[in-house]
Amino acid sequence: MTSPLADLPLPAPYAASLRPGTSETLVIAFSSIGHDPDRMPEPEFRRIAPGTDRPALFFRDADRSWASAPGWAEALQQAVAAAAAHQRFARIVTLGVSMGAVAALRAADLLPVAAVLAIGPQSDASGDARWRAWTARQAIPPCPLPQGPWIVLAHGLQDDAGQAAGFAPRKGVDHLLFAGQGHASLAPHLKRHGLQGMVDALAEGDRRRLLRIATAAGGARRQLPR
C-alpha cells in the first residue's frame, strides 16, 4: 500500500510534501508551472519518484520563479532538513520537467546531489516567449549546469532545440535529444516508454540502464565536441 504524503511546514509561496520509504536514496521531485496559475502547483511524479521503496520529497513554488526568487534556496534547505528529521537517507537525486527541471538543476548547486534528471529545462527562460507571462516580471538568471553530480538532460527538438543548445556539452552530462518530440509531449512520451525505469536507474546510479531505456524511447545522445 502506498504511503500518504505528509506536508512539511514551509513559508509561502513554497510547499513541500514527503512520502516515506525504506531506501536510503531521497528523490526530490520539483513541480512545473501546472495548469492553474491561481493555485499552488500539484506534486508531480507521485508514483514515479518513490518507485517501490524510495522516500520522495515533492517541492512546489506558487510564484513560479524558476527557482530564482529570494527565499527559494532557504525554503528548499528547510524542506530537506525537515525530511531528514522524518526519514533517514544517504543519497539525493533530483527530478523535474520544464520549470521543475531548472529547479532540479539549481538544487544541485545547493545540496549534495548525486544525480539529476532534467526533462525540458530552459537554459534561459527569460529569453523565450512561451513563458513571457511569467518571466517578464522576474529576474531569472540562466540555468546552471552544476559540476559534480551525474546530470541527464532531455529535450524535444520540435520546439526546444534552442533551449537545448544553451547547455554546453561536457563530461558528466548525458544530453538526450528526441527528434520526434516537443516541449509539451516529451514527458508524457517518456512516461509511456520507460520513465519509471529511468528514474529507478538514476536513483541506483545505473547510467547504462538509463541510457538504454532512453535510447529505446527515441533519444539520441548529444556528442561532446572533438
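Using beta carbons and a limit of 6 Å, which pairs, at least six apart or on different chains, have the first residue in segment 153-164 and in contact (Cβ under 8 Å) with a residue 40 or more places away in the chain and the second one assigned to a helix (DSSP H, G or I) and of a type outside the set (Val, Ile, Thr)?
ASP160/HIS183
For every residue, the table says whether it meets (1) in contact with a helix residue (DSSP H, G or I) (Cβ under 7 Å, 6 or more places away or on another chain); (2) of a type in the set (Asp, Glu); (3) at pLDDT below 95.
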| residue | (1), (2), (3) |
| --- | --- |
| THR2 | no, no, yes |
| LEU5 | no, no, yes |
| LEU8 | yes, no, no |
| ALA15 | no, no, no |
| LEU18 | yes, no, no |
| THR25 | yes, no, no |
| ILE28 | yes, no, no |
| SER31 | yes, no, no |
| ASP38 | no, yes, yes |
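From the list GLY182, GLY194, which residue is at pLDDT 95 or above and over 26 Å from ILE92 (Cα atoms)?
The match here is GLY182.
Kindly provide the set of residues from segment 180-217 that are open to solvent by 60 Å² or more (accessible area, probe 1.4 Å) and either farther than 26 Å from GLY34 by Cα or of a type in the set (S, T, N, Q) (or both), ordered by number.
GLN196, GLU204, ARG207, ARG208, ARG209, ARG212, THR215, ALA216
In segment 141-171, which residue that is assigned to a helix (DSSP H, G or I) and charged (D, E, K, R) is least open to solvent (accessible area, probe 1.4 Å)?
The extreme case among them is ASP160.
The values are calculated or read from the model by the stated rules, or taken from the named source; none is laboratory data. All values derive from a computational prediction rather than experimental measurement. Quick reminder, even Gly has a Cβ in these numbers, built from the backbone with ideal geometry, and neighbours come from all protein chains shown. Side chains included, ligands, DNA and RNA excluded: accessible areas come from the protein's heavy atoms. Shrake-Rupley method; radii C 1.70, N 1.55, O 1.52, S 1.80 Å.
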